[in-house]
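The values are calculated or read from the model by the stated rules, or taken from the named source; none is laboratory data. Owing to the predicted nature of the structure, the values given are computational and were not obtained by experimental measurement. Methodologically, a virtual Cβ is constructed for each residue, glycine included, from the backbone with ideal geometry; neighbour enumeration extends over all protein chains shown.
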Amino acid sequence: MKVPNLNSGAISAVRFKEVLRMARYGKKAQQKVRRAMRERKRGKLKSGRSGKRVRSRKQAIAIGLSEARRAGGKVPKRKRKKK
């Protein structure tokens, strides 16, 4: 990845961090998470294994991201548990 020269004034350091943060997730991932959050808000989002209703915001985001991964969207790898 090409890093811009911050001293040239073309892009500020804060803006550069925002650009890096935005680049982590693709459009497909954003759409999947948005859909999962909407379903959770309406009370229609279900967990994959147990089939229970999802009430947690974090759980809804995780479901959306995992769906985006399966669909081939640009999503960072899952963090592994430390042993």
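The C-beta contact set for the stretch 37-62 (first residue in contact (Cβ under 8 Å) with a residue 24 or more places away in the chain and of a type in the set (A, V, I, L, M, F, W, C), second residue in a loop (DSSP other than H, G, I, E, B) and surrounded by 11 or more Cβ atoms within 10 Å (Cβ to Cβ), distance under 7 angstrom, 6+ apart or interchain) comprises A60/L45; A60/V54.
Among the residues of the stretch 47-77, the ones that are of a type in the set (S, T, Y) and under 15 Å from Q30 (Cα atoms) come to 1 in all.
Can you name the residue in the stretch 24-50 that is assigned to a loop (DSSP other than H, G, I, E, B) and closer than 15 Å to A68 by Cα and, of all such residues, is modelled with the highest pLDDT?
By that ranking, first place goes to G26.
Mind listing just one residue for me: the one in the stretch 63-83 that is surrounded by 10 or more Cβ atoms within 10 Å (Cβ to Cβ) and assigned to a loop (DSSP other than H, G, I, E, B) and, of those, modelled with the highest pLDDT? Here the answer is A71.
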